[in-house]
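Following: one structure in structure tokens, then a few remarks.
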Amino acid sequence: MGVDKSQLLIGNKSLTQHIANTLFNVSTSVTIVGRQPEDARIKSAMDVYPLWGALGGLHGALHACKGEWVFVVACDLPLITSELITRLASERNDNEAIVPIQQDGRPQPLCAFYRVDPCLERATELIEKGFRRPLDLLENVKTRWVAFSELEELPESQNFFVNINTPEDYYEAIQKSAVHKNLSGY
């Protein structure tokens, strides 16, 4: 994109703010890893392994979490919903990670629940061995893969994993957000 994606606007809110507002519908605590939040309600945490990519950011979230579970979401997935988060949370049970599978069949490890203790321990080991991918972690913990077919009945499911990586993706997200607002009346 050439710019800080977290600060791109949809309507008058940054991608980070869209996600934070969704998270505050289901949680009293939201923390952003690696940068200072623009919203006073949001806490911040520093990366333990700066510049280590997605697994480093995931590790930072695990390290900052004081609870048993953490929900991790990337800043470029602004169209997630509280219904999606609640549905994924219902699968925690005796698993160590709960990861949705996108409609195209790819896992989405940056929109997932992680049990803090086992995942933090394993993520640390993997990083110290040079691994960088969240999928490396998921292959080494008890993961519940949630098929898209288990999520598609949720409102707006077709938009959950609109990922903003290019200007075209950004334009698509703006369009889908506008349609969602018109349909839902908010």
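Side notes on the structure shown:
For every residue, the table says whether it meets (1) under 27 Å from Arg87 (Cβ atoms); (2) in contact (Cβ under 8 Å) with a residue 40 or more places away in the chain.
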| site | (1), (2) |
| --- | --- |
| Leu9 | no, no |
| Gln17 | yes, no |
| Leu23 | yes, yes |
| Val30 | yes, no |
| Arg35 | no, no |
| Lys43 | yes, no |
| Gly60 | yes, no |
| Trp69 | yes, yes |
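- Residues that are farther than 18 Å from Leu79 by Cβ and in contact with a helix residue (DSSP H, G or I) (Cβ under 7 Å, 6 or more places away or on another chain) within the stretch 5-31 comprise just one, Thr31.
- Count - residues of the stretch 152-178 that are of a type in the set (S, T, N, Q) and not in a helix (DSSP H, G or I): 3
- Listed by first and then second residue, the pairs with beta-carbon distance under 7 Å, at least 6 apart or on different chains, first residue in the stretch 151-171 and under 15 Å from His18 (Cβ atoms) and of a type in the set (Ser, Thr, Tyr), second modelled with pLDDT under 90 and surrounded by 12 or more Cβ atoms within 10 Å (Cβ to Cβ), are Tyr170/Leu8; Tyr170/Ile164.
- Residue in the stretch 142-151 that is farthest from Leu77 (Cα to Cα), counting only those that are under 18 Å from the mean Cα position of the chain (by Cα) and in a loop (DSSP other than H, G, I, E, B): Ala147
- Single residue of Leu126, Leu120, Leu137 found to be hydrophobic (A, V, I, L, M, F, W, C), within 16 Å of the chain's Cα centre (by Cα) and part of a helix (DSSP H, G or I): Leu137
- Pro134 touching a helix residue (DSSP H, G or I) at 6+ places or on another chain (Cβ under 9 Å) and under 21 Å from Ala20 (Cα atoms): no
Listed here are the residues, each with its yes/no results for (1) surrounded by fewer than 17 Cβ atoms within 10 Å (Cβ to Cβ); (2) modelled with pLDDT of 90 or more; (3) over 27 Å from Pro167 (Cα atoms).
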| position | (1), (2), (3) |
| --- | --- |
| Val26 | yes, yes, yes |
| Ser29 | yes, yes, yes |
| Arg35 | yes, no, no |
| Leu51 | yes, no, no |
| Leu62 | no, yes, yes |
| Ile80 | no, yes, no |
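- Taking the listed residues Leu126, Leu154, Leu120, the one that is of a type in the set (A, V, I, L, M), over 25 Å from Asp104 (Cα atoms), surrounded by 14 or more Cβ atoms within 10 Å (Cβ to Cβ) and in contact with an Asp or Glu (Cβ under 8 Å, 6 or more places away or on another chain) is Leu126, with no other qualifying.
- If you go through the stretch 1-24 and keep only what is in a strand (DSSP E or B) and either at pLDDT 90 or above or over 16 Å from Thr166 (Cβ atoms) (or both), you end up with Leu9, Lys13, Ser14.
- Residue in the stretch 45-58 that is closer than 29 Å to Glu172 by Cβ and of a type in the set (Ser, Thr, Tyr) present: no
The values are calculated or read from the model by the stated rules, or taken from the named source; none is laboratory data. All of these numbers come straight from a predicted model, not from anything done at the bench. In this analysis, Cβ positions are derived from the backbone assuming ideal geometry, glycine residues included, and neighbour counts consider all displayed protein chains.
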